[in-house]
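The values are calculated or read from the model by the stated rules, or taken from the named source; none is laboratory data. The structure presented is a predicted model; accordingly, all values stated were derived computationally and were not measured. Here the Cβ positions follow ideal geometry from the backbone for every residue, glycine too, while neighbour counts run over all protein chains shown.
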Amino acid sequence: MAGASASEIRTIGVVGAGQMGPGIAQVCAVAGYDVRLQDINATALEKAVAGIAARLDRQVAKGEMAAGARQETLARIRTGTALESLEDSDLVIESAVEKEAIKREIFERLCPIVGKNTIFCTNTSSISVTMLAAHTDRPERFMGMHFMNPVPVMKLVELIRAISTDDATCLTVEAVVDRLGKSPVMSADYPAFIVNRVLLPMINEAIYALHEGVGDVAGIDKALRLGAAHPMGPLQLADFIGLDTCLAIMRVLYEGTSDSKYRPCPLLVKYVEAGWLGRESQRGFYDYRVEPPAPNFRGLRPV
């Protein structure tokens, strides 16, 4: 049976109130969709709603949104700690931690909860969409919907079609992205898709340059900002993405292609082992416990 058409998508469920989920919930609500934001952590949900409200307040202060529209947007967002809170969703976007087993379990549990025509999308940045689709009862109504961070600001959404995804689902999800005011780009279901296939090896190479003493943290970032017109340096960007996420994506690339050029830098591995994950943990290639953030590099060999 065909899934919901674009005009029939009225309620969107978002799984995960961590780094990306709140932003996805925000843009969906701004676009007029009713939103169900779910996370097992009630505190994370409270923080997510507060963050959305603060971002909308800034838009009101800048004259980019009317105060009434702000209230209407927030009223469209309902939260819940149980997956059952998503039962009336026409489209569910999973944005949980980038771990295959967790994502697979979420979709398996969702299958009997939501309607049979509900479309499933995953915000994965690197995991096989075809594999995740195969663990559901609706592989033809499943695809990747990879938002960029920060979601309210970044215009791109990568759409990844699984081998099983049907045309109707693809057209519906593309129409939803258009309504969100985003620009969709189609990607084949290959490791890390388009953006991360190009971006993460660059970041990994910058970490190798640091590891091998080619340059220091500030120098490498300054070189790419000024020499390649990047808005932020690769090490600063790695901290923003999260070093654990960077490592996970590099491992998917390395294992998925068996190509040594994607081998994660040992320094990246060590930082993740130390719990230095970037901005979120207050320490990464920069120390965010001080202002301005200071380079935070400890090599694996004495200097």
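Computed values, structure above
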read-out	value
Count of residues meeting criterion [more than 24 Å from the chain's Cα centre (by Cα), closer than 20 Å to ALA294 by Cα and exposed (fewer than 15 other Cβ atoms within 10 Å of the Cβ)] in the stretch 220-241	2
Answer from GLU98, GLU94 - the residue that is touching a helix residue (DSSP H, G or I) at 6+ places or on another chain (Cβ under 6 Å), on the phi < 0 side of the Ramachandran plot, modelled with pLDDT under 95 and buried (at least 18 other Cβ atoms within 10 Å of the Cβ)	GLU98
Selection from the stretch 70-105 of residues that are among the aliphatic types (A, V, I, L, M), touching a residue at least 12 places away in the same chain (Cβ under 8 Å) and under 16 Å from ALA25 (Cβ atoms)	LEU74, ILE77, LEU83, LEU86, LEU91, VAL92, ILE93, ALA96
Of all residues making up the stretch 206-258, the number that are without any contact (Cβ under 8 Å) to a residue 12 or more places away in the chain and over 23 Å from LYS99 (Cβ atoms)	15
Whichever residue in the stretch 150-175 is of a type in the set (Val, Ile, Thr) and outside any loop (DSSP other than H, G, I, E, B) and, among such residues, is farthest from PRO191 (Cα to Cα)	THR172
Any pair with Cβ under 9 angstrom, 6 or more apart, that starts in the stretch 55-67 at a residue that is within 10 Å of VAL30 (Cβ to Cβ) and part of a loop (DSSP other than H, G, I, E, B) and ends at one that is of a type in the set (Val, Ile, Thr) and at pLDDT 95 or above	MET65/VAL30; MET65/THR73
Residue match in the stretch 140-149 (condition: in contact with a strand residue (DSSP E or B) (Cβ under 9 Å, 6 or more places away or on another chain) and part of a helix (DSSP H, G or I))	yes
